[in-house]
1. Given the conditions (1) over 29 Å from B:VAL163 (Cβ atoms); (2) under 22 Å from the mean Cα position of the chain (by Cα); (3) in contact (Cβ under 8 Å) with a residue 40 or more places away in the chain, which single one is not true for B:VAL27?
2. State all residues of region B:230-273 that are more than 12 Å from chain A (Cβ to nearest Cβ), farther than 17 Å from C:ILE210 by Cβ and surrounded by fewer than 24 Cβ atoms within 10 Å (Cβ to Cβ); if no residue qualifies, say none.
3. How many residues does region C:99-108 contain that are more than 7 Å from chain B (Cβ to nearest Cβ) and either under 18 Å from the mean Cα position of the chain (by Cα) or closer than 18 Å to B:ALA219 by Cβ (or both)?
4. Anything in region A:325-357 that is among the polar types (S, T, N, Q) and surrounded by 15 or more Cβ atoms within 10 Å (Cβ to Cβ)? List them, or say none.
5. Give region B:159-198 a look and list any residue that's touching a residue at least 40 places away in the same chain (Cβ under 8 Å), more than 12 Å from chain C (Cβ to nearest Cβ) and within 30 Å of C:VAL234 (Cβ to Cβ), or say none.
6. Tell me which residues, restricted to region B:103-141, are in a loop (DSSP other than H, G, I, E, B), in contact (Cβ under 8 Å) with a residue 12 or more places away in the chain and more than 7 Å from chain C (Cβ to nearest Cβ).
7. Are there any helices (runs of 4 or more DSSP H) wholly within region B:200-258 with 2 or more residues that are under 22 Å from C:ILE116 (Cβ atoms), and if so which?
8. Would you mind telling me which numbered condition in (1) within 13 Å of the chain's Cα centre (by Cα); (2) part of a helix (DSSP H, G or I); (3) facing another protein chain (nearest Cβ under 7 Å); (4) modelled with pLDDT under 90 C:MET245 fails?
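The values are calculated or read from the model by the stated rules, or taken from the named source; none is laboratory data. Keep in mind that this is a model prediction, so the values were computed, not measured. No Cβ is skipped: glycine too gets one built from the backbone with ideal geometry, and neighbour counts run over all protein chains shown.
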Amino acid sequence: MTHRTIGATAMAVALAAGAGQAMAQYEGETLSLFNWSQYMDPAIIEGFEDEYGVEVVENYFNSNGEMFAKLQAGGVSQYDIVVPSNYYVPRLVESGLVQPLDHERLPNLDNLMETFIDPVFDPGNEYSAAYQWGTTGLVYDREVLGDVPASWSVLFDPAVNPDAPFALPEDAQVTLGAACAWLGHGYDCTGRNALEEAARLVLETKQRDNFAGFIQGTPVLQQLVRGSVAAGMTFNGDYLFFKSEDPEGFANIEYVIPEEGAEVWVDNMMIPAEAPNPGLAHAFIDYILRAEVGAQLSNWNYYSSPNAAALPMLDEVLQQPPITPTDAEMETLTFIPSLKGDDLQFLQQVWREVESR
Amino acid sequence: MSVLRRETRHMLFTVAPGALFILVFLVLPSVYLVGMAFLSSGPYGLPTLPLSLQSFRELAGFGFLGWSPGNLYTLIRSVWQTLLATALVILLAYPAAYYISTRPARWRPLMLLAIVVPSWTNQVIRSVGWMNIFAPGTPVSDLAALLGLTAPQMGLFPSQFAVIVGLVYNFLPFMVLPLYAAFERLDTEQVEAARDLFASPVAVFRHAVFPQTLPGLMAGIVLVAIPAFGMYVVTELLGGGKATMIGNLVARQFAQASNWPLGAAGAMIMIAVTLIGLKVLRDLGRRLSGDREVVL
Amino acid sequence: MSAGRLENGLRAFWIVLLVFLYAPLAVVVFFSFNSINSSARFAGFSLQWYEQLFRNEAIVAALTNTVVLAMVSTIIAVIIGGLLGYGFYRYRLGRLSWLVWLIYLPVIMPDIVFGIAEMTFFVAINERLGILSPGLGTMVIAHVTFQVPFVALLVNARLLSLDPQLFEACHDLYAGPWQRARFFLLPVLRPAILSSFLLALTLSIDDFVISFFTAGPQSTTLPIYIWSAIKKGVTPEVNAIATLMIGSVFLVAFFSLLVQHGPSGGRPSKGGRRA
């Protein structure tokens with residue numbers, strides 16, 4: 001059975017479950033969802049729309065920075081749901097861009113795994129509920145690069161990749177994290193000396209003739225298939241998602257967790273402070289937290305589910321690497337630290353240096 | 001009703017809507033933006049009190065690591081890329097404008113339209129066109145690789161080269177049009193006299209054609225260089241982070257990195273450089289034309 | 001150098017220049033009909049990307065937004081700008097001579113600064129008063145603001161080119177201001193109004209930066225849609241959308257030929273403020 005038929009089955013289950021409840025409360029209203037691209041099963045949206053008699057308008061972002069900037073530039077009163085990564089959660093909370101969740105309206109919050117209840121970045125799930133989790137690793141074209149080590153050296157060491165075009169994401173913490181890991185300071189480095197050294201490395205890397213430019217994690221996959229880059233950084237789920245859509249194109253494209261360590265992240269649903277429709281937003285979050293919907297979501301987008309109740313319904317492919325990292329890999333994976341104040345300013349300054357040359 | 005009052009009413013009716021529009025939706029926002037440059041950046045980049053010159057210090061390159069020339073490079077690169085693109089545009093526009101002006105009158109409007117129409121398409125779409133042409137594996141990229149200009153698998157974009165091509169492409173029409181207008185008014189007798197006097201076409205151009213087309217050239221430079229200096233789209237799409245200009249630096253403070261006061265300070269610098277550039281051009285125009293007033 | 005050789009050289013140059021100007025557009029149109037997802041190799045003719053395009057709700061909405069934005073802002077700008085151009089002409093030597101600065105300001109302002117200034121301003125107003133939240137409304141306002149000066153300048157230029165005695169004759173002929181407007185000004189200004197309409201329309205179609213910074217979640221236009229789509233590489237779908245925009249521009253160009261038997265963009269002021 002393909003993951004799509006499973007999705008349809010789960011859909012039917014979800015519909016049956018919802019049929020008895022009175023959903024007319026939001027009839028005719030609109031929910032504005034601001035999400036990463038390629039992250040939401042259209043069937044889930046349709047299911048929610050049908051069940052509640054509402055319309056969902058989706059908008060997409062490609063980086064946390066972009067999402068944060070949009071919220072600041074008026075988006076705070078225009079979106080009902082945003083889906084930031086863990087290290088942006090405190091940033092959104094402290095800058096007053098999001099509102100607390102009403103747990104009374106989220107009975108399905110209990111479905112979350114223990115790890116995601118009361119996470120370090122949001123004690124008590126006061127503002128956020130986990131959406132999906134995954135890893136950010138190295139992606140490369142084996143046909144072009146040959147057998148290379150599972151290491152960030154593919155990006156940062158000219159000896160490993162002397163001439164094939166490669167890209168880096170334009171996300172300060174992600175790119176500097178990888179550089180930090182390669183330099184031996186760990187992916188979650190925060191020390192100023194380490195960050196400065198990492199920035200210098202990225203600068204040197206940027207000057208290399210075969211640096212193809214800054215390309216974010218999801219778009220870089222298309223560029224790999226088209227052959228315009230041979231290596232970059234991406235997310236495990238997106239990799240598998242596109243691979244399943246185009247097995248031929250991805251035949252030689254590999255995703256690995258570099259041995260120096262990489263990022264594990266969790267994206268979270270949050271409600272902007274002045275969301276036009278917070279009631280419906282709560283209903284949507286609770287809908288996503290349903291076991292069947294959670295499973296359907298993961299089976300569609302190939303990311304790991306934070307939903308304990310959904311685990312039994314997940315496709316087999318999700319139970320193995322690269323979606324479920326091995327224990328050894330788990331050891332090397334870290335969260336990106338959440339920065340603020342001077343530390344954040346420092347990071348942005350060194351990153352501006354990288355961008356300016 | 002007195003005459004004066006009627007005139008005032010008439011004046012209000014005609015001028016007020018437009019003037020108010022520009023005042024409220026351009027002057028006021030600009031003043032607000034300039035003011036923002038003198039605020040501090042909050043913990044997450046939004047402007048906040050107290051007043052501070054921090055953004056200007058940061059823009060000048062003073063940061064946690066001491067002084068660094070990164071932003072200065074960006075500014076210099078912006079000026080350099082603007083000058084290079086403008087020079088190339090002039091080189092292409094002179095023969096084009098001259099050629100059009102020598103065609104039969106009924107052809108000229110059509111030829112001018114042919115020059116202008118591509119600039120009416122959206123600038124994002126024009127860049128998409130060049131991305132198609134410069135991508136790895138296209139005939140043009142293959143040719144460049146064959147000539148040893150690029151590595152075989154790299155393609156011509158993203159690169160500084162692609163940015164310069166994009167700039168020239170975007171602004172060529174704005175040089176051709178005023179130059180054409182100048183050629184149309186050209187006093188041919190002067191040119192003939194110069195031909196009799198000087199043997200070389202270069203000398204003819206220098207002494208007869210150039211002075212007469214100078215006003216058109218100056219107008220063209222203003223129309224090309226000002227928007228080229230403020231370029232955002234072409235550098236972002238065709239540069240891939242390799243040919244960053246000050247417009248990108250400013251935009252990023254609002255669209256990615258989030259430091260509004262710093263971005264506002266950068267915007268102020270952009271306006272200042274633009275005004276200085278206008279002044280320099282005006283003085284240059286005056287000197288070249290022997291103190292004859294050049295309308296800009 | 002003989003005149004003939006110069007002539008031949010110039011003709012060759014002109015042809016090369018036309019290729020340079022139209023090759024990027026031609027390539028976009030060409031690959032939009034590609035049967036495979038590539039802009040390097042053409043495998044065969046196909047309309048599949050256009051079919052996909054019109055099935056995609058987001059793209060259809062972006063198309064609608066683009067058309068609404070261009071038409072609404074242009075109509076408003078022609079009315080306001082036309083009045084301003086006339087008022088500026090009438091009072092240019094008197095109390096309103098300072099207007100020239102106001103009119104030229106949007107022309108010389110880099111559009112990235114323009115867009116950001118408007119965005120921060122709208123955000124500030126929205127926070128305090130709850131109005132002007134980003135969307136088509138704010139985009140229309142921004143577009144009108146940069147269109148108005150160009151319309152005013154064109155109308156003003158037309159009035160300046162007229163014999164001042166005409167105005168006196170008109171004053172003798174018609175009693176009221178409405179009659180004067182109806183029977184004298186409007187007919188006289190017709191060509192200028194038409195060409196400023198087309199100019200304002202092309203300014204709006206060409207703009208990306210200002211739209212980008214003043215847009216809201218529900219007011220994506222085609223260029224904004226393309227902007228986020230091309231991060232994944234130029235696809236035939238992107239080329240197909242771009243072809244629609246190119247086609248509409250050629251339509252405008254055709255009309256401008258009909259209207260004036262000449263280029264409406266023939267004035268150097270055209271596009272002065274675009275970056």
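1. Condition (3) is where B:VAL27 drops out.
2. Passing the criteria: B:MET268, B:ILE269, B:ALA272, B:VAL273.
3. Adding up the residues that qualify gives 4.
4. Result: A:THR332, A:THR334, A:SER338, A:GLN345, A:GLN348, A:GLN349, A:SER356.
5. Answer for region B:159-198, where residues must be touching a residue at least 40 places away in the same chain (Cβ under 8 Å), more than 12 Å from chain C (Cβ to nearest Cβ) and within 30 Å of C:VAL234 (Cβ to Cβ): B:SER159, B:GLN160, B:VAL163, B:ILE164.
6. B:PRO136, the sole residue that qualifies.
7. Because the criterion is at least 2 residues that are under 22 Å from C:ILE116 (Cβ atoms), the helices (runs of 4 or more DSSP H) in region B:200-258 that meet it are B:210-229, B:233-239, B:246-255.
8. Only one criterion in (1) within 13 Å of the chain's Cα centre (by Cα); (2) part of a helix (DSSP H, G or I); (3) facing another protein chain (nearest Cβ under 7 Å); (4) modelled with pLDDT under 90 is unmet by C:MET245, namely (4).
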